Every structure is written in structure tokens, then in C-alpha cells.
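The values are calculated or read from the model by the stated rules, or taken from the named source; none is laboratory data. Treat the numbers as computed from the prediction; the structure is a model and nothing was measured. Positions of Cβ are backbone-derived with ideal geometry, glycine not excepted, and every protein chain shown enters the neighbour counts. To get the accessible areas, we keep the full protein, side chains included, count just its heavy atoms, and leave off ligands, DNA and RNA. Shrake-Rupley method; radii C 1.70, N 1.55, O 1.52, S 1.80 Å.
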Amino acid sequence: MAMDVNQPIFVISVAAELADMHPQTLRQYDRLGIVSPSRAPGKSRRYSQKDVDKLREVQRLSQSGVSLEGIKRIMELENQVAALQFKVAELTEELSRRRSPLEARIFAAGAGGDVVSLARGQRPRPRSQAVVVWRPRPGDKQR
């Protein structure tokens, strides 16, 4: 049976030992929002394997000379990249399911403001090339 890396199972002392850090360092990282563990019902911190891996990465970056603010920003950007990669995968999957000719059509605003259906790669005609038809309304004078 495989262990769930997101399951918060380690108390702070065990997580600190696994990450080769002092427990007070983990508390500081939690206060700064660098690595925020889950909380048990008694308000004690519970770290997952994923949190321990993050702590090791923080330690590696810190030893490379990156400041704590820099580390926090790097981790935020990594989270954004992961979320965007997930969204791209979702959209790619959805797009592959939508490959029917009806759904491949594009809609745009025509020269008169109406909605027109276009084939993929086709553009609406520019207003200068549009055919404008004048129709008198009741009560209009003839031009």
C-alpha cells in the first residue's frame, strides 16, 4: 500500500528530524507562510511527506544563499506554475473531446454588429468591404 504524500501524519519533532532542521525553524517557516502544515484538532502542527519535501527544498535554497523572502516568492511561483500546468492539461483534454465540426466553428461580430459564423482561420470582412443596404423606415424621406 502506497503512502499518500499529502496525508498530514508527522508531528513537528519528527518532521524537523526528517528535514534535518530544528523544530523552531519549522515554526518560523509556518509564521512566514513558507511551509504551512495542517493543524490537528488540538491545534498542533501535522506535516505531510510533501511538507517535509518542501522543507528540504527550503533548506537547499537557503544554503545556496537565497533569502527567506526570495524562497517564499520562488515557492509561490512554483505553485502558480503547477496550477497553470494542471489547467493546461484540463483544457487540452477538453479540447481533444470537442473535435467535432460543429464545435470547431468560430463566431464573430459582423460589420453590422450581428453575430456571424466563420470557418476556422476565416476573418470577418472589414467594414470598408461590407455591403451596407439602406432600407427606408416608415416615415423616412427618400434619398
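Can you name the residue in region 67-94 that is surrounded by fewer than 16 Cβ atoms within 10 Å (Cβ to Cβ) and touching a helix residue (DSSP H, G or I) at 6+ places or on another chain (Cβ under 7 Å) and, of all such residues, is nearest to ALA2 (Cα to Cα)?
The extreme case among them is ILE74.
Please count how many residues of region 108-124 are surrounded by 10 or more Cβ atoms within 10 Å (Cβ to Cβ) and at pLDDT 70 or above. Steps first, answer last, please.
So the first thing to find is which residues in region 108-124 are surrounded by 10 or more Cβ atoms within 10 Å (Cβ to Cβ), and the list is 108-112, 116-118, 122, 124.
From what's left, at pLDDT 70 or above: 108-112, 116-118, 122.
Count: 9.
List every residue pair whose Cβ atoms sit under 7 Å apart, with the two residues 6 or more apart in sequence or on different chains, where the first one lies in region 4-28 and is part of a loop (DSSP other than H, G, I, E, B) and the second, anywhere, is open to solvent by 40 Å² or more (accessible area, probe 1.4 Å) and small (Gly, Ala, Ser).
Filtered contacts from region 4-28: PRO8/SER38; VAL11/SER44.
Checking SER128 against (1) part of a helix (DSSP H, G or I); (2) more than 30 Å from ASP4 (Cα to Cα); (3) modelled with pLDDT of 95 or more: exactly one of these is not met. Which one?
Condition not satisfied by SER128: (3).
Which of the residues spanning region 59-73 are part of a helix (DSSP H, G or I) and aliphatic (A, V, I, L, M)?
Listed by number, the residues that qualify are LEU61, LEU68, ILE71.
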